[in-house]
1. Please determine whether any residue of region A:195-212 is away from every other protein chain (no Cβ under 14 Å) and touching a residue at least 24 places away in the same chain (Cβ under 8 Å).
2. Considering only region B:79-97, I want to know if a residue exists there that is more than 14 Å from every other protein chain (Cβ to nearest Cβ), under 29 Å from the mean Cα position of the chain (by Cα) and either surrounded by fewer than 16 Cβ atoms within 10 Å (Cβ to Cβ) or aliphatic (A, V, I, L, M) (or both).
3. Does at least one position in region B:430-442 carry a residue that is part of a helix (DSSP H, G or I), without any contact (Cβ under 8 Å) to a residue 40 or more places away in the chain and either on the phi > 0 side of the Ramachandran plot or in the same structural domain as B:LEU338 (by TED's automatic domain parsing) (or both)?
4. For the subset of region B:278-321 comprising residues that are of a type in the set (Phe, Trp, Tyr) and at pLDDT below 90, which member is surrounded by the fewest Cβ atoms within 10 Å (Cβ to Cβ)?
5. Mind telling me which of the residues B:SER422, B:SER414 ends up being modelled with pLDDT under 90, assigned by TED's automatic domain parsing to the domain that holds B:LEU337 and either more than 23 Å from A:LEU164 (Cα to Cα) or of a type outside the set (Lys, Arg) (or both)?
6. Assuming A:LEU32 fulfils every condition listed in (1) farther than 14 Å from A:THR261 by Cα; (2) over 14 Å from the mean Cα position of the chain (by Cα) apart from one, which condition is it?
7. Please determine whether any residue of region A:221-228 is within 14 Å of chain B (Cβ to nearest Cβ), in contact (Cβ under 8 Å) with a residue 12 or more places away in the chain and closer than 24 Å to B:ARG104 by Cα.
8. Anything in region B:137-154 that is buried (at least 21 other Cβ atoms within 10 Å of the Cβ) and either more than 19 Å from the chain's Cα centre (by Cα) or modelled with pLDDT of 90 or more (or both)? List them, or say none.
Amino acid sequence: MLNNYHPRSAAIYLFCWFILALFINDLKVLTLMTLLVIIINFAEDRAKALSKIMLFIMPLTLFIAGFNLLLADYGQAVFYTFNMPLAGEITIYQEPLANSLAMGVKLLLLISIFNIFNLVITADNLFSVFGAYSGSAVLLAVLARRMVPWLGSEARSIYEVQTLRIRGAEADSLLKKVKNAGPFLTNLLRATLESSLHTAEAMQLRAYGSGKRTYFVPEKWQSRDTFITLTALTVLVFFICDPFLAELTGYSVFILPIVLTGSQLAGGLLKQ
Amino acid sequence: MSTIDIRNLSYSYPRQPYEALQQINLQIRKGQFWAIIGRSGCGKSTLLRALGRLVPDFYGGTLSGEILLKGRLLREWNAGKLYREMGVIIQDPEHSIIFDTVQRDIAFGLENLGLDNVEMRKRIARILDYFSLNELSHKSVSHLSGGEKQKVALAGILAMQPQILILDEPTAQLDPDAACDFMELIKRLHKEAGMTVIMAEQKLEMLFEMADKTAVMEKGEIIFSGTPLEQMQWAKKNNYPLVPERVKERTAHVNKKSYLLPPTEEKNVTAAGYNKEPYSRPLTANRDVVAAVQGVCFYYEAGITALKDIDLTLHRGEITALAGDNGAGKTTLLKILLGLLKPEQGQVKVLGYQDGKLAPNLIGREAAYLPQNLDHFFIADTVLADVMLNIRKPGDIGDIAQLWLEKLNVIKYSDKDPRILSTGEKQRAALAAVLAGNPRLILLDEPTRGLDMIQKREFGQILRQLAAEGRAILLASHDMDFVREYTDRVLHMQQGQITADKNSAESTEAI
């Protein structure tokens with residue numbers, strides 16, 4: 001479990017995953033990474049939080065991928081051809097299909113990594129990572145981190161109330177639904193800003209930023225943290241210097257996510 | 001010498017044409033307990049924020065005049081030293097707690113003061129003990145009740161060992177029991193530790209008992225300051241409305257401080273929460289059933305029972321209250337009636353529609369809901385447009401909306417953004433929107449939260465009028481005074497069950 005690591009090493013490890021996810025475009029590698037990250041999610045909280053997010057994200061991903069596919073006019077290999085009323089003959093090529101799927105999987109992967117970050121790096125941990133610099137940037141980071149779970153519950157509450165009113169207003173058409181998203185977002189943004197302001201007030205009232213801080217529970221850097229950090233940084237170096245190192249060592253990019261996952265497992269076995 | 005000396009303090013928020021504080025002068029001595037009272041929106045919170053140095057630092061605006069703490073200008077104090085002297089608790093405990101666990105949160109202020117680990121542990125142990133929070137020390141804050149959260153917020157402040165405690169409506173979000181416990185705690189701190197306390201609060205009965213001095217605010221000014229006894233005499237002379245009836249009655253035979261009952265007797269009266277004969281009227285004329293719930297059970301994800309075997313019938317022309325502690329299941333029951341939540345067991349019939357089929361078609365028209373947080377309610381950018389949203393009658397929608405705004409005395413805000421109104425104004429604007437849809441069933445969640453005594457009275461009278469027109473009203477509330485005065489029937493909820501179903505008078509006496 002990533003929870004057993006020092007927040008700083010966990011943050012570096014997740015950062016490495018994030019960079020790989022951002023720059024790799026190969027569908028097969030992305031699929032492998034997504035599977036591994038889902039396993040890590042499962043180890044953290046049995047993927048409870050992730051499954052809730054996926055309920056919203058999956059339809060969105062399919063919608064984006066489908067839309068992208070219909071509008072793409074490049075490619076050589078024909079995958080499927082069909083007639084659409086008004087639009088005429090539509091040809092779907094294999095290249096944009098692969099590209100759309102890759103982008104969809106990438107979105108899922110990035111969200112899964114972000115979900116692990118939320119589970120592992122709590123607001124408390126952020127203080128451990130950046131606590132030495134009790135400035136406004138840390139304040140901002142802590143507030144932003146606190147906002148994530150809070151936003152979920154607040155969004156639900158606003159949605160419930162507004163659904164009741166909008167249902168009453170018989171807003172069944174898509175156009176009206178899109179139009180009604182405006183007040184929902186306005187209220188959510190307003191509530192978020194107000195909540196951030198109150199939390200910042202409370203932090204100020206507890207003398208935050210008034211001088212050098214001490215720590216009630218100092219996080220201990222252990223050998224497993226050194227191990228996982230070094231592995232993550234090595235993976236990152238290999239990825240950045242990919243053409244040169246691939247030629248020199250003959251490694252395949254497939255190995256990088258496997259090494260990352262393995263390092264987490266191996267680190268867990270190291271003595272505390 | 002005064003501990004806090006406020007001289008000619010004026011403040012205006014950015015882009016506001018009027019001053020939120022006007023020429024405030026106040027001297028607060030060591031060990032005194034000051035009650036700051038006044039109608040909602042009169043400037044109490046702004047004054048306390050100025051004392052905590054949150055205005056203008058956090059809000060901008062213009063501040064003039066001086067605040068001296070121990071003879072030194074407040075703005076010259078280093079934050080660390082200032083908050084060692086002065087602890088400030090804001091209204092909502094949710095926002096006062098920064099960390100996820102109780103012990104960790106209490107440690108936060110101590111870390112900021114740069115204390116060493118041994119000292120931190122010593123102080124945390126002492127404060128946990130004082131507040132009887134030992135069992136909760138490693139618990140996640142999200143699992144605590146409202147009262148416990150407020151205690152944790154107070155513990156976090158007191159661990160920093162301030163001499164002055166500033167509290168802005170600390171019991172606003174608490175149920176009556178938790179509020180009573182919290183006030184007892186403050187009383188103990190004042191008496192035993194000799195702390196200087198400055199508190200703004202709407203629950204005046206409790207505050208009058210504890211305070212040495214009161215300051216009455218109106219439109220940003222202090223219009224009176226003196227002892228509670230002097231204040232009551234002043235209120236009588238000037239016909240000032242914000243004095244609790246119970247306290248007023250006792251002034252009839254006062255000599256010095258005897259207007260207060262002995263503590264035990266007082267507690268009983270407060271718990272009963274009544275001040276005059278309860279509202280009662282014959283209900284025989286209209287007994288049509290508007291909503292009925294039978295054997296309803298609801299469980300949260302973790303298998304926690306939220307509602308168990310709920311049976312409930314709501315009648316036309318009846319005002320029914322759901323009372324009970326935080327987490328008793330009141331809001332869940334309202335959501336089930338609205339079709340927002342589906343019960344695991346049992347039947348729900350609302351306005352003739354079975355099992356949640358009501359929601360898509362008739363909510364907002366036949367049944368209306370006013371949530372706890374009114375900021376979530378508004379959709380349009382002006383009050384008028386928001387009210388118009390709910391009207392589906394053919395004809396002149398604008399005229400109907402204006403009629404309701406006039407009835408609820410918010411017509412002057414029709415062009416304003418409803419979100420910037422005061423709590424009482426928001427309440428009335430939202431109610432206008434709800435009523436413009438001409439609903440037969442009105443569901444209200446904590447409708448008196450944030451309202452002062454006068455606003456509550458006005459709101460109660462509106463409810464009575466609506467009931468007289470034949471609407472069924474169900475409200476979830478902690479406010480037992482309001483419940484007794486303005487409702488016909490009270491359903492007491494405890495741990496997801498209805499434990500009593502009585503008329504208001506019987507019910508409050510039974511408590």
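The values are calculated or read from the model by the stated rules, or taken from the named source; none is laboratory data. All figures in this text were calculated on a predicted structure; none of them were measured in a lab. Neighbour counts run over all protein chains shown; Cβ positions are idealised from the backbone, glycine included.
1. Keep residues of region A:195-212 that are away from every other protein chain (no Cβ under 14 Å), which gives none.
No, the conditions are met nowhere in region A:195-212.
2. Going residue by residue through region B:79-97, those that are more than 14 Å from every other protein chain (Cβ to nearest Cβ) are none.
Scanning region B:79-97, I find no residue that is more than 14 Å from every other protein chain (Cβ to nearest Cβ), under 29 Å from the mean Cα position of the chain (by Cα) and either surrounded by fewer than 16 Cβ atoms within 10 Å (Cβ to Cβ) or aliphatic (A, V, I, L, M) (or both), so the answer is no.
3. So the first thing to find is which residues in region B:430-442 are part of a helix (DSSP H, G or I), and the list is B:430-436.
Add one more test, that the residue is without any contact (Cβ under 8 Å) to a residue 40 or more places away in the chain, and what stays is none.
No, every residue in region B:430-442 fails to be part of a helix (DSSP H, G or I), without any contact (Cβ under 8 Å) to a residue 40 or more places away in the chain and either on the phi > 0 side of the Ramachandran plot or in the same structural domain as B:LEU338 (by TED's automatic domain parsing) (or both).
4. Taking region B:278-321 as the starting set, the residues that turn out to be of a type in the set (Phe, Trp, Tyr) are B:279, B:298-300.
With at pLDDT below 90 added as a condition, the list becomes B:279, B:299-300.
Details: B:TYR279: 19, B:TYR299: 15, B:TYR300: 9.
Here the residue is B:TYR300.
5. Details: B:SER414 fails: modelled with pLDDT under 90.
Exactly one residue qualifies, and that residue is B:SER422.
6. Single failed check for A:LEU32: (1).
7. Restricting attention to region A:221-228, the residues satisfying the condition of being within 14 Å of chain B (Cβ to nearest Cβ) are none.
No, the conditions are met nowhere in region A:221-228.
8. Selection gives B:VAL152, B:ALA153, B:LEU154.
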